[in-house]
Amino acid sequence: MDQATTIMDALRDVYDPCCEDRELSVVDMGLIEDIHVDDDRAAIDLVLTSGWCPFMVPLVDTIRDRIAALPSVADVDVRLVWHTAWTSDRLTPLARERLQFLPPPNATAGGGPVP
């Protein structure tokens, strides 16, 4: 298994604070933009669901701590990505299912939006 895959796997139980009650990780939410590995140094590019995320600092700290705990990583940098907007297209199928509040429009009577 390569280092980037190991890092991504380590993040699968780091929950997005807004979705912790639904057990949705930063991976499920599509917050991990990219992982760069150079020998024992890792850099994680992170996209936030909102630029005003009140959990930004603890989330970055949690991600940094989780990756720093890996035996093959000596240094980690979590970088916020501002040039890419987060959209719901980044959600995994699991996240889509757990965040579904209303039926899709084609599943309602008449195929239109729910009144």
Filter result for Ala4 (aliphatic (A, V, I, L, M) and surrounded by fewer than 19 Cβ atoms within 10 Å (Cβ to Cβ)):
yes
In the range 38-75, which residues are in contact with a strand residue (DSSP E or B) (Cβ under 7 Å, 6 or more places away or on another chain), part of a helix (DSSP H, G or I) and within 24 Å of Arg90 (Cβ to Cβ)?
Val60, Ile63, Arg64, Ile67
Out of everything in the range 58-96 that is among the polar types (S, T, N, Q) and under 23 Å from Val37 (Cβ atoms), what residue ends up being nearest to the chain's Cα centre (by Cα)?
Thr92
Kindly indicate whether any position in the range 31-43 is modelled with pLDDT of 95 or more, touching a Leu at 6+ places or on another chain (Cβ under 6 Å) and surrounded by 15 or more Cβ atoms within 10 Å (Cβ to Cβ).
yes
Can you spot a residue in the range 91-109 that is open to solvent by less than 60 Å² (accessible area, probe 1.4 Å), modelled with pLDDT under 90 and in contact with a helix residue (DSSP H, G or I) (Cβ under 8 Å, 6 or more places away or on another chain)?
yes
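Scan the range 49-61 and give yes if some residue there is within 14 Å of Met8 (Cβ to Cβ) and open to solvent by 20 Å² or more (accessible area, probe 1.4 Å), otherwise no. Can you show your working first?
Restricting attention to the range 49-61, the residues satisfying the condition of being within 14 Å of Met8 (Cβ to Cβ) are none.
Scanning the range 49-61 turns up no residue that is within 14 Å of Met8 (Cβ to Cβ) and open to solvent by 20 Å² or more (accessible area, probe 1.4 Å).
May I ask you to list the residues in the range 11-30 that are part of a loop (DSSP other than H, G, I, E, B) and surrounded by fewer than 15 Cβ atoms within 10 Å (Cβ to Cβ)?
First, pick out the residues of the range 11-30 that are part of a loop (DSSP other than H, G, I, E, B): 14, 16, 23-24, 26-30.
Across the range 11-30, the qualifying residue is only Glu23.
The values are calculated or read from the model by the stated rules, or taken from the named source; none is laboratory data. In this text the structure is predicted, and so the values were computed from the model without any measurement. A quick note on method: Cβ atoms are made from the backbone with ideal geometry, for glycine too, and the neighbour counts reach across all protein chains shown. All accessible areas refer to the heavy atoms of the entire protein, side chains included, with ligands and DNA or RNA removed. Shrake-Rupley method; radii C 1.70, N 1.55, O 1.52, S 1.80 Å.
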